[in-house]
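The values are calculated or read from the model by the stated rules, or taken from the named source; none is laboratory data. Remember, predicted model here, so these are calculated numbers, not experimental data. Backbone-built Cβ (ideal geometry, glycine too); neighbour counts: all protein chains shown. The area values use the complete protein model at the heavy-atom level, side chains included, leaving out ligands, DNA and RNA. Shrake-Rupley method; radii C 1.70, N 1.55, O 1.52, S 1.80 Å.
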Amino acid sequence: MKVPSEGSTLKMLVAVVAMIGCLTVFNAASPSGGGDVNFAARQFAWLGAGLLLMEILSRTKFSILEMACPGLVLVSVFLLVLVLFFGARINGMRGWFRVGSFLFQPSEFAKPVFVLAISAFLSARQDSMSFVVKTVLLVLAFVGPIVLEPDYGTALVYLCVLSAFLFLRAERLLRFSLAMFFCMTLLGVLAAREDYVVRRICGYLFPFEDPYGAGWHILQFRYAIARGGPLGAGWGECLWANSYLPLPHSDSSFATLAEASGFLGTVPLMLLYAALPFIGARLAGGARKESNAYFILLCFFLMACQGYIHILVNLGVLPPTGLTLPLFSYGGSSLVATTVMVGMALSAAGGGRKTTSMEMKE
Amino acid sequence: MKMRIEHSIDRILLRHEFICMIFALCFVVSVFALIRTGLSRREHYLGECARVAWITRSVAAGRGAILDSDGLPLAWTERQYDLFLAGAGNSPDLLPFLAKQAGIALPPGCPDGENLLKRNLTPDELLGIEKLQASMKGLLAVRPRFERNVVDYPEIRRLVGRMPDDLEAGSGLELAFDSRLRGREGVFTVMLDRNRQWIPSTFKWLREYSGGEDVRLELPLEKLRESGIAEGNGR
């Protein structure tokens, strides 16, 4: 019997999780809990495209992707800046290009490129000054436009990825801690200048002070999860998600799943997101180069980090950030970017093939 | 060289274990939060859900008609619709504006103490209110009401009897046949969405509604009038 390789298992896992995501989107997108297939059909189409790209990228040599990195960085940064001027404003954020009835979010597509840029430009040994300059330039180029959209949730994810990289690479943890303290304080000060961020934090701390305004999100998350209980209200029975949850198919997709499938349905998903860094570590163990290892680890870190921010927000542990659940929430840009990231990570790991130390020595 | 790369990756992976531990901790925190919200405090939150979203309302049963032997109605019930001001503190300029938008001729001096703006809306006025934008419609409330009507002969009115509040019988035939005429009021529960609209799939009767029966008398209207007049003269 042929045992599937790690790469194939991972691809299958991605497809299954994304399929369950499509079901959740279908569940959440219609008032009757299962009549309107538009959102789910689109998500399904994006999933097909994403899986195809994942397959192609996983079979591409990682050195080709590294060679294309400067070009990809330029295109990504150009789009991130362009969207500030010509993007569609949705929910107070100018972060999407509207192409017909489709929306394209550059900050999602820039995620794998950002990780690639970190691993390609910063992982090699270099003098401190050059390293600091490159780091600052990368942050300004990628995070700067996203902060200006303003999308602090996504900016936070980018900074978390950079923090993880600095932590993995740092020779001295004290320097790393100081740098992180400085970055997070800066982001905090910038975010505190936005009224909507302050309102969200107030709503998170005191939801009952303004239950129909700032506290609305937090309370509706709780009610939807409570309706799910241990076994869930059932697929097509997500009345609370359909009627009260804000954006049940994207920002609140975990709570929607919790209402549909309850404790038993959500724990495996939580376990999967917690296991992503472990999967990344296993793949990175077989990487041929240090930069490949960084790329793999950071890709899986990014997915797990964004996933857990989303889950903890939906569980009321963190204040609302507007982040979606990778692979699961509605959104073609996010879904395709995530599958692209998995494909590139498999490419970095040598097509998903575990490289033995014997092969490395050869 | 290869050995150095391997060593360096091992060092990265060693440090990465700390990141893995953070996510393991996140998992534990999430499970704890999920148990708290979805299991241990579930009843509390479900109670709040019910308070926020579910309503229980009663539907008054339509009272049956009193007919003469030829089937002509002597007393019957009609459903009327009254217009109320929904929110206190509305600007006084808003009412004339809304009335104009909905095509309603408001009586002078409204609103009165009960916030009633107009009784017995016409079908055109109801359609006008329906066409108002959702945000404007929220400022007005249309409430249905049963109204008992009797044919306009004093002797028949005396015979049929009084209905002090359009639902409860006070005297005459209304009181004599009350048990047949009155129906049984229904009670239902339904979930409302965020815009306070009903979610049809959640509608459930807690007690079925049944309308009142019609009562047919053995004499025609003219005979009843004559007997009513004779009875009046006898007094």
Comparing each residue of segment A:224-242 in the complete protein assembly with the chain by itself (heavy atoms, probe 1.4 Å, ligands and nucleic acids ignored), those losing at least 40 Å² of accessible area are A:Ile225, A:Ala226, A:Arg227, A:Leu239, A:Trp240
Accessible area of B:Ser201, 1.4 Å probe, to the nearest 10 Å²? 90 Å²
Accessible-area order (highest first, 1.4 angstrom probe) of the listed residues A:Arg169, B:Arg162: B:Arg162, A:Arg169
Using only Cα atoms and rounding to the nearest 10 degrees, what angle (0 to 90) does helix A:152-169 make with the longest principal axis of chain A? 30 degrees
Need one number: nm distance between label points at A:Val16 and B:Ala50, each 7 Å from Cα along Cα→Cβ, rounded to one decimal. 3.9 nm
What is the helix-to-structure angle for A:290-314, meaning the angle in degrees between its Cα long axis and the longest Cα principal axis of chain A, kept from 0 to 90 and rounded to the nearest 10? 10 degrees
Label-to-label distance, nm, for residues given as A:Asp127 and A:Leu74 (7 Å Cα→Cβ offset): 2.7 nm
Could you state the orientation-averaged shadow area of the convex hull built on the Cα atoms of the protein assembly as shown, in nm² to one decimal? 37.8 nm²
Quick one: helix A:62-86 against the long Cα principal axis of chain A, what's the angle to the nearest 10°, folded into 0 to 90? 40 degrees
Of A:His310, A:Cys238, B:Thr122, whose Cα points farthest to the positive end of the dipole of the protein assembly as shown (charges on the beta-carbon: +1 Lys, Arg; -1 Asp, Glu; origin at the Cα centre)? A:His310
Relative to the Cα centre, what is the charge dipole magnitude of the protein assembly as shown, using +1 at the beta carbon of each Lys and Arg, -1 at the beta carbon of each Asp and Glu, and rounding to the nearest 20 debye? 2580 debye
With a 1.4 Å probe and every protein chain left in place, tell me how much accessible area B:Asp178 has, in Å² to the nearest 10. 30 Å²
What shape does segment A:112-159 take by its C-alpha gyration tensor, where a ≥ b ≥ c are the square roots of the eigenvalues and a/c under 1.5 counts as rounded, a/b above b/c as prolate, and the rest as oblate? prolate
Averaged over residues of B:42-49, the number of beta carbons from other chains lying within 10 Å of each residue's Cβ is 5
For labels at A:Val136 and B:Leu14 in the simple 7 Å Cα→Cβ model, what's the distance in nm? 3.3 nm
A 25 angstrom limit on the alpha carbon distance is what I want to check against. Which of B:Lys118/B:Lys204; A:Lys111/A:Lys289; A:Lys61/A:Lys111 exceed it? B:Lys118/B:Lys204
Using the per-residue mean of other Cβ atoms lying within 10 Å as a proxy for protection, in what order, highest first, do the peptides A:214-222, A:59-67 fall? A:214-222, A:59-67
